[in-house]
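Engineer: One structure follows; several queries about it will come next.
The values are calculated or read from the model by the stated rules, or taken from the named source; none is laboratory data. None of these values were measured; they are calculated from a predicted model. Glycine gets a Cβ as well: all are built from the backbone with ideal geometry, and neighbour counts include every protein chain shown. Accessible surface areas use protein heavy atoms only, side chains included; no ligands, DNA or RNA. Shrake-Rupley method; radii C 1.70, N 1.55, O 1.52, S 1.80 Å.
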Amino acid sequence: MGQSVSAAKLRNRRDWNHRQRSKPKSTALICPMQAEKTEELERSNTDGSSDFISDLPDECLACIFQSLSPADRKRCSLVCRRWLLIEGQSRHRLSLNAQSDLQPLIPSIFFRFDAVTKLALKCDRRSVSIGDEALVLISERCRNLTRLKLRACRDLTDAGMLAFAKNCKGLKKLSCGSCAFGAKGMNAVLDNCPALEELSVKRLRGITDGAAAEPIGPGEAAAALKTICLKELYNGQCFGPLIIGAKNLKSLKLFRCSGDWDKLFPLIVERVAGMVEIHVERIQVSDVGLAAISNCSNLEILHLVKTPECTNAGLGAVAEKCNLLRKLHIDGWKANRIGDQGLIAVAKSCPNLQELVLIGVNPTKLSLEMLASNCPNLERLALCGSDTVGDAEISCIAVKCIALKKLCIKNCPVSDHGMEALASGCPNLVKVKVKKCRGVTSEGADWLRATRGSLVVNLDINLDMGEHLDASASDGGAQDNGIEFPPMVGSQIGASSIASSSTGRSTSFKLLGLMSGRSFVACTLRRLASSSRS
């Protein structure tokens, strides 16, 4: 009886395998060679069991590969010729070491990875980078490229950028740093890539300094641009025509760009009134520029980092008109030109404030109490290098900030008494980070943890005061100050690494894929293997 049942199960499985293999394979994504299909069909064991992995459609394998880490993808590509083909054709993101010896390898690399849409070309500063000919070869094989990152490609010229732009008209994001091409190359991209939405430029050495500099923009891309980020440019104001012409611009970030920006901001805001985020760091801007910025009524995010000419009056003008402000970061650089007066103006006019970072600013209990009372949605607060923030101010925060979830205190005259106040206040608090506060001891932090079991308390009592405060977001200074919100997910991939997979999903989905991809594949393989043996 048992043998007949086993024989019936075996016949049913063979019939099921026959039906599955009789179904036409989907070719929506990848069409493997017919020889590979024949090879896989011959993998059935003599006892009638089947290799279920071979029956997976190409689309399913591609989705699995896209959930794996770069190292795991490379291992999978070595399993068989079919997996090698699918892994290459389903890879959308590629990062290459852009040294000059890359050029002869370009045809073979992009023959395998022919679906790349996001490309990073990074060269070591001491090495000779690829030139125009190599960039043109890449553009001819990646005409569907949507994102390009260039780092230290010093041998690229304006002519190479022009040829690239003509071949990759669908480019949506360009990021270049420490490159040697100039205004003509940048204008070539802007004139030939009408879909460009994000532009990031850092240390573009080919831009001429002074009044003779060729203006950049607006070009065909101006209408689509939503984000412009300029860093460490001797004459960043030559991008003025582009910024002014980008009528749909939402985010403008300026880091260490020389020139008087007070003259340019009124012209920018007159044409571009829909900006949501403005970040200025170490640029020449004063209350005149802030008064112009205040006309951006949709402004939600404002970073004022090391702009000593900005005062309470300028911040008050912004707060009065920008009532939608959600995130405010201020690094006063110990200039004491922004304090209670400006913060009280923010408290009165910006009820939607959710995140406040104060570095080198000296607020008192007066302004903190006003902020806590008038900003009921304040969830994240960082106080760094403030001489006036002590136990009384922390106690005020504990009593008033009901919605507060994350609190960072660095280099402030706070003691264990302030920690005791947090034990009974801020009912929604989930994380506290205390760094370089002389009065806070490990015993006080342990007591706070024991009192509020669900609260995460990070204490760093390193008192090396030689480390100066720096809120420079471009250099990672915000992380140095213990400001960890919003959380950043991601890792930097070395220039010599071949690639990492991408499907255009959000960061959270990428993280989920990296965390679960390996275990998911392992469980699937074990389950299918056990089924084939049963």
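Engineer: So if each residue of separation counts as 0.36 nm, and I subtract the Cα-Cα distance between Lys321 and Ala392, what length gain in nm does that give?
Structural biologist: Residue separation times 0.36 nm, minus the Cα-Cα distance, leaves 22.4 nm.
Engineer: Sort Trp333, Trp83 by accessible area with a 1.4 Å probe, largest first.
Structural biologist: From most accessible down to least: Trp333, Trp83.
Engineer: If you stretched the chain out fully between Asp191 and Ser258, how much longer would it get, using 0.36 nm times the residue separation minus the C-alpha to C-alpha distance?
Structural biologist: Answer, rounded to one decimal: 21.6 nm.
Engineer: Please compute the modelled spin-label separation between Leu56 and Thr227, points set 7 Å along Cα→Cβ, answer in nm with one decimal.
Structural biologist: Label-label distance for Thr227 and Leu56, simple model: 3.2 nm.
Engineer: Tell me the label-point distance for the pair His417, Asp124, using the 7 Å Cα-to-Cβ offset, in nm and rounded to one decimal.
Structural biologist: Computed distance between label sites His417 and Asp124 equals 5.7 nm.
Engineer: For Lys348 paired with Ser424, estimate the spin-label separation in nm (one decimal), with each label point 7 Å from Cα along the Cα-to-Cβ line.
Structural biologist: Taking the two extended label points, one gets 3.4 nm.
Engineer: Over region 41-169, with a single point scatterer placed on each C-alpha, what log10 of the ratio I(q)/I(0) does the Debye formula yield at q = 0.16 1/Å?
Structural biologist: Log10 I(q)/I(0), no solvent term: -0.83.
Engineer: How about region 383-419: which trypsin sites (Lys or Arg not before Pro) there are in a DSSP loop, with at most 16 other Cβ atoms within 10 Å of their Cβ?
Structural biologist: Those that pass, being in a loop and sparsely packed, are Lys405.
Engineer: Between region 188-205 and region 278-328, what is the separation of their alpha carbon centroids in Å?
Structural biologist: 26
Engineer: Okay, moving on. Full-extension gain between Ala273 and Asn377, please, as 0.36 nm times their residue separation minus the C-alpha to C-alpha distance. Before the final figure, lay out each step's value.
Structural biologist: Numbers: separation 104, 0.36 × 104 = 37.44 nm, distance 2.59 nm.
Going from the current span to full extension adds 34.9 nm.
Engineer: Kindly state, to the nearest 0.05, the FRET efficiency for Glu309 paired with Glu220, given R0 = 51 Å and r defined as their beta-carbon distance. Numbers along the way, then the final one.
Structural biologist: On the way: r = 36 Å, r/R0 = 0.71.
Step by step, r from the Cβ atoms, then E = 0.90.
Engineer: When only the heavy atoms of the protein chains count and the probe is 1.4 Å, how do Met370, Met275 rank by accessible area, highest first?
Structural biologist: Ranked list, largest accessible area first: Met370, Met275.
Engineer: Now for a separate question. Any chance you could look up the accessible area of Leu343 with a 1.4 Å probe, heavy atoms only, rounded to 10 Å²?
Structural biologist: About 0 Å², ignoring ligands and nucleic acids.
Engineer: Still on this structure, please answer the following. Please report, in whole Å³, the volume per residue of the convex hull around the C-alpha atoms of region 178-294.
Structural biologist: 84
Engineer: Determine which residues of region 387-422 fall in the zone a paramagnetic label at Glu443 would reach in this model, i.e. backbone nitrogen under 13 Å from the point 7 Å along Cα→Cβ.
Structural biologist: Residues 416-417 fall inside that zone.
Engineer: Right, next: Could you state the number of Å between the C-alpha centres of region 343-399 and region 87-108?
Structural biologist: When both Cα centres are located, 50 Å separates them.
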